[in-house]
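Read the structure below first, then the notes.
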Amino acid sequence: MNNATTNTGCPISRRTFVQGAVATAAAVGASGAFGFDIAHAEGTIDTSKPVEKRHTYCDMCNQVPKCGLTAYVQDDKIVRVESRTPHPTTPLCAKGMASIQELYDPNRLTKPLRRTNAKGTGKSEWEEITWDEAYATIASEFNRVKDEYGADAVMFYCGDPKEPRPAIQRVATLFGTSSYGNESSLCSQATQICSQLVFGRGLVTMGVDPTEDTGSCTIWTLNAAWSQPNRHGKFLDQKERGCKFVVVDPRITPTVTGLADVHLQLRPGTDGALALGFINILIRDNLIDQEFVDEWTHGFEGLAELAAQYPPEKVEEITWVPAAKLEEAAHLLAENAPTTMITSAAGMAHSSNVGHALRAIFMIPALLGSIEKKGGMLFPAGSLPFDTAASTTQFRERELYAKEKFEERRVDREDFPVWVSFSDHFQTAYLPEYVDEGKIRAGMLIAANAMIWPETNRYQEALSKLEFAAAVDYYERPWTHDYVDILLPAAMCHERMAPFAVYGRKMILREPCVTPAGEAREDWQIMLELGCALGFEEECFGGSVEEAIKYILETADIGVTLEDMRANPDGVDVPGPEQQENKHTVGRIRRDGEVGFNTPSGKIEFDSEVLKNFGYEGLPVYEEPVHSPLNATGEDAKYPLVLNTGGRVPFYTHSKLREIPWLNQFMPDPIVRLHPQDASARGINDGDEVRIFNWQNEVVMKAEITNMVLPGVIDVFHGWSKANINLLTTRDFDPITGFPPFRCGLCEVERVS
């Protein structure tokens, strides 16, 4: 048995942890709980004190799904956690159960720190300072840069967790900078922009889940079985009911094996060609809803001409998907309408052609007439007036943003004009250039991770060049914090209040379960207190998180107060309108109240007028990845393997959680997955150390030989500081969205002798 000793000194076996995780996943009462039976990092617990049951939600993934977590607290210490039931998202996965170990990790940051040696010159050296000293220093430096170069030279940036975005944006806007950014410039925003280019502004979607009325569903590069297990369970229910599934994914994942009636295993980066192949078959075989297309779409003739260039045989050459499989998938969708489409937040978005490819994907259900129809792509109406982090436009100071015309001052306005038109945060793709040009000179980095960017070393160098930078995090992470001047300790989900959780029309308040460790403070508090130090005492509620939440509820104007939420700990349900079909026919989608969609043409746009106004091609043209194995010449010919990165595993979220032994035991080392053919050709055995390299850099990982991947493709998990695969990915950004090609690079692999 593989026994691991936790950071708290509590021995735990792999079998015990897995059994606990499985028990919780099965929601088997208290046996699904997980806690400390021997030692506790916070010292001896006074067992004479009562055990209290308190509630929060887990943030070990991202800002969703906010799974309910019950904490058993004794002597202000959590001694056990379990799934909260009933709850809109339950049960907890292994990551949620391991949150207790993250909470009591002795390596956590617990005091504000100030650098005492030069940035980027080796191991960081720090001295402890007070919070007042930290705020005073940051405010002084930011105001100095503002006075000398303008407010836009100061960047405010939020990574993951995404919870503090509203507080950060509020302070950034009050300060007067248009340089507010977040990690969605590499995550969900491309999908959101592309959906709006097709369906219209405000119709932000990453797809619609199947319901009892759905006949078929396409899941395009989302492995929910590993990344969203709660959601995957609902997919399985629909599968059992009779819904047909087409799954598009370069890998054979548990989502594929559990759901797919047809699996289209494509070469990464060729999604646009596959989508056009779908469209070709639907039009060729008269499978489209011609009446809907004629009345409610714009640019069909041009789309039909474009798709005609992609017959199944040509698509097979490009994508490696057998023509017969594509034919089967297209007919399955059409014959089992209404159909819906689901894409991942990033997934196939990480390619140099995403701006066109994602639009082509969203056009498939439109051609089948499955828009604004039960069981198809039915857009919600009457949603609560909150963003994903439960704030309002008034709290984020959107009116001030517009009044100050920040959009006209954005550093990215010339590089990515479409992005600027749809996003209120700047595209960080060219951050190194903006720093070199003196456009950005200081920064506040909350939960930032330099490894998120391609050619990571370029961004680390950029951070080191900033005249001043401060960061907020749970841990000191050298790959990012070696390049900042001040490092502040953040409270974790068990220790903080904001934001409350929103599940459809249900709102659930979160209260701290325990006192924050050491001097750690929740990130909303940190930002509001910094806002006070910058001179916005009244606008930042004197640093009070509770007052900020009261203001958000007040500006939401839905008749719910903080007292209401405290009086109803299981949640407040806010009544709303019933979901309706065909809202586009009665003026309930367009902002002006007219019938149709909120696009320039008033229709679903196959030929985007927005893109054409910015000088781009309006039709969803396909382009090969910048570095492609097809007809490779020159330098590319030396690297025959397609580099696919960014997939999830059940126990890590991106680069997070690798410091937790309960989770790290399942994948203690970075791995690369190779097909047996490619491994055999290179003399590589399972478990061998291998060198992955291209013209940019190299990393060393362990080989895992598997049929999960296609021949000619390797699959690499990202986020390992000791083997950062993004050192090999290129900065060949999609011109529409600014997204990098994490999914479709080139490389070679060889055994380390």
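The values are calculated or read from the model by the stated rules, or taken from the named source; none is laboratory data. Just so it is clear, the structure is predicted and the values come from calculations on it, not from any experiment. Methodologically, a virtual Cβ is constructed for each residue, glycine included, from the backbone with ideal geometry; neighbour enumeration extends over all protein chains shown. Note: areas computed on protein heavy atoms with side chains; ligands, DNA, RNA excluded. Shrake-Rupley method; radii C 1.70, N 1.55, O 1.52, S 1.80 Å.
Looking only at residues that are touching a Leu at 6+ places or on another chain (Cβ under 8 Å), within 19 Å of ALA346 (Cβ to Cβ) and part of a loop (DSSP other than H, G, I, E, B) in region 403-457, which one is least open to solvent (accessible area, probe 1.4 Å)?
Filtering region 403-457 for residues that are touching a Leu at 6+ places or on another chain (Cβ under 8 Å), within 19 Å of ALA346 (Cβ to Cβ) and part of a loop (DSSP other than H, G, I, E, B), the one least open to solvent (accessible area, probe 1.4 Å) comes out as TRP453.
If you go through region 604-652 one residue at a time, how many are more than 30 Å from VAL749 (Cα to Cα) and of a type in the set (S, T, N, Q)?
2
Just to check your reading of the model, which residue among GLY618, GLY647 is out of contact with any Cys (no Cβ under 9 Å at 6 or more places or on another chain), small (Gly, Ala, Ser), assigned to a loop (DSSP other than H, G, I, E, B) and modelled with pLDDT under 95? Outline the logic, then answer.
On the way: GLY618 fails: modelled with pLDDT under 95.
Of the residues listed, the single one that is out of contact with any Cys (no Cβ under 9 Å at 6 or more places or on another chain), small (Gly, Ala, Ser), assigned to a loop (DSSP other than H, G, I, E, B) and modelled with pLDDT under 95 is GLY647.
Could you check ASP636 against (1) of a type outside the set (Val, Ile, Thr); (2) more than 28 Å from the chain's Cα centre (by Cα); (3) assigned to a loop (DSSP other than H, G, I, E, B) and say which number it fails?
Only one criterion in (1) of a type outside the set (Val, Ile, Thr); (2) more than 28 Å from the chain's Cα centre (by Cα); (3) assigned to a loop (DSSP other than H, G, I, E, B) is unmet by ASP636, namely (3).
So which pairs qualify, if the first residue must be in region 170-184 and closer than 16 Å to GLU538 by Cα, the second must be among the acidic types (Asp, Glu) and open to solvent by 10 Å² or more (accessible area, probe 1.4 Å), the Cβ gap must be under 6 Å, and the two must be at least 6 apart or on different chains?
Listed pairs, sorted by first residue: ARG170/GLU397; THR173/GLU397; LEU174/GLU539.
For ILE342, indicate whether it is β-branched (Val, Ile, Thr) and either out of contact with any helix residue (DSSP H, G or I) (no Cβ under 9 Å at 6 or more places or on another chain) or modelled with pLDDT of 95 or more (or both).
So ILE342 fails the test.
Which of the residues spanning region 688-734 are aliphatic (A, V, I, L, M), under 13 Å from VAL672 (Cβ atoms) and open to solvent by 30 Å² or more (accessible area, probe 1.4 Å)? Walk me through it before giving the result.
Initial filter on region 688-734 (aliphatic (A, V, I, L, M)): 690, 692, 699-701, 703, 705, 708-710, 713-714, 716, 723, 725, 727-728.
With under 13 Å from VAL672 (Cβ atoms) added as a condition, the list becomes 690, 692, 699-701, 703, 705, 708-709, 713-714, 716, 723, 725, 728.
Result: VAL700, ILE705.
Residues being open to solvent by 20 Å² or more (accessible area, probe 1.4 Å) and either free of Cβ contacts under 8 Å to residues at least 40 places away in the same chain or not β-branched (Val, Ile, Thr) (or both): count how many of those fall in region 586-603. Quick ask: steps written out before the conclusion?
Start the filter on region 586-603 by keeping residues that are open to solvent by 20 Å² or more (accessible area, probe 1.4 Å), which leaves 586, 588-595, 598, 600-601, 603.
Now drop any that are not either free of Cβ contacts under 8 Å to residues at least 40 places away in the same chain or not β-branched (Val, Ile, Thr) (or both), which leaves 586, 588, 590-595, 598, 600-601, 603.
The qualifying residues number 12.
For region 532-555, does any single residue satisfy the condition of being in contact with a strand residue (DSSP E or B) (Cβ under 8 Å, 6 or more places away or on another chain) and open to solvent by less than 40 Å² (accessible area, probe 1.4 Å)?
No: zero hits.
For the structure I just gave you, tell me whether LEU400 is closer than 25 Å to SER140 by Cα, open to solvent by less than 10 Å² (accessible area, probe 1.4 Å) and of a type in the set (A, V, I, L, M).
Answer is no for this residue.
Return yes or no: is ARG731 modelled with pLDDT of 95 or more, part of a loop (DSSP other than H, G, I, E, B), of a type in the set (D, E, K, R) and farther than 22 Å from MET60 by Cβ?
It is true that ARG731 is modelled with pLDDT of 95 or more, part of a loop (DSSP other than H, G, I, E, B), of a type in the set (D, E, K, R) and farther than 22 Å from MET60 by Cβ.
Somewhere in region 506-525, is a residue at pLDDT 95 or above, among the aromatic types (Phe, Trp, Tyr), assigned to a loop (DSSP other than H, G, I, E, B) and open to solvent by less than 60 Å² (accessible area, probe 1.4 Å)?
No, because not a single residue in region 506-525 is at pLDDT 95 or above, among the aromatic types (Phe, Trp, Tyr), assigned to a loop (DSSP other than H, G, I, E, B) and open to solvent by less than 60 Å² (accessible area, probe 1.4 Å).
What is the one condition in (1) farther than 30 Å from LEU174 by Cβ; (2) open to solvent by 10 Å² or more (accessible area, probe 1.4 Å) that LEU384 does not satisfy?
(1)
Could you list, in sequence order, all residues of region 562-606 that are in a helix (DSSP H, G or I) and not β-branched (Val, Ile, Thr)? Can you show your working first?
Step one: list which residues in region 562-606 are in a helix (DSSP H, G or I), which gives 562-567, 583-585.
The answer is LEU562, GLU563, ASP564, MET565, ARG566, ALA567, LYS583, HIS584.
In region 627-667, how many residues are polar (S, T, N, Q), surrounded by fewer than 22 Cβ atoms within 10 Å (Cβ to Cβ) and under 19 Å from GLU704 (Cα atoms)?
Selection size over region 627-667: 2.
Which condition does GLY277 not pass, out of (1) closer than 30 Å to ASP387 by Cα; (2) buried (at least 21 other Cβ atoms within 10 Å of the Cβ), if it passes all the others?
Tallying (1) closer than 30 Å to ASP387 by Cα; (2) buried (at least 21 other Cβ atoms within 10 Å of the Cβ), GLY277 fails exactly one: (1).
Can you spot a residue in region 363-376 that is touching a Pro at 6+ places or on another chain (Cβ under 8 Å), over 23 Å from GLY299 (Cβ atoms), in a loop (DSSP other than H, G, I, E, B) and open to solvent by 10 Å² or more (accessible area, probe 1.4 Å)?
Yes.
Quickly run through region 433-471 and pick out the residues that are free of Cβ contacts under 8 Å to residues at least 60 places away in the same chain and under 22 Å from the mean Cα position of the chain (by Cα).
Across region 433-471, the qualifying residues are ALA450, TYR459, ALA471.
Need pairs with beta-carbon distance below 7 Å; first residue open to solvent by less than 50 Å² (accessible area, probe 1.4 Å) and within region 604-621, second outside any loop (DSSP other than H, G, I, E, B) and of a type in the set (Ser, Thr, Tyr); sequence gap 6+ or separate chains.
Listed pairs, sorted by first residue: ILE604/THR297; PHE606/THR297.
Can you tell me which residue is farthest from ASP734 (Cα to Cα) among those in region 164-218 that are touching an Asp or Glu at 6+ places or on another chain (Cβ under 7 Å) and hydroxyl-bearing (Ser, Thr, Tyr)?
The selected residue is THR173.
May I ask you to say which residue of GLU328, GLU301 is open to solvent by 20 Å² or more (accessible area, probe 1.4 Å), out of contact with any Gly (no Cβ under 6 Å at 6 or more places or on another chain), charged (D, E, K, R) and free of Cβ contacts under 8 Å to residues at least 24 places away in the same chain? Break it down into steps so the answer makes sense when it comes.
On the way: GLU328 fails: free of Cβ contacts under 8 Å to residues at least 24 places away in the same chain.
Being open to solvent by 20 Å² or more (accessible area, probe 1.4 Å), out of contact with any Gly (no Cβ under 6 Å at 6 or more places or on another chain), charged (D, E, K, R) and free of Cβ contacts under 8 Å to residues at least 24 places away in the same chain holds for just one of GLU328, GLU301, which is GLU301.
Would you check which residues across region 668-687 are of a type outside the set (Val, Ile, Thr), within 30 Å of GLN101 (Cβ to Cβ) and surrounded by 20 or more Cβ atoms within 10 Å (Cβ to Cβ) and list them?
Hits for region 668-687 are PRO670, ARG673.
Which of the residues spanning region 91-129 are of a type in the set (Val, Ile, Thr) and either modelled with pLDDT under 95 or within 29 Å of the chain's Cα centre (by Cα) (or both)?
The first filter runs over region 91-129 and keeps only residues of a type in the set (Val, Ile, Thr), leaving 100, 110, 116, 121, 129.
Across region 91-129, the qualifying residues are ILE100, THR110, THR121.
Could you tell me which numbered condition THR561 fails, if it satisfies all but one of (1) of a type in the set (S, T, N, Q); (2) touching a Gly at 6+ places or on another chain (Cβ under 6 Å); (3) closer than 30 Å to GLU539 by Cα?
(2)
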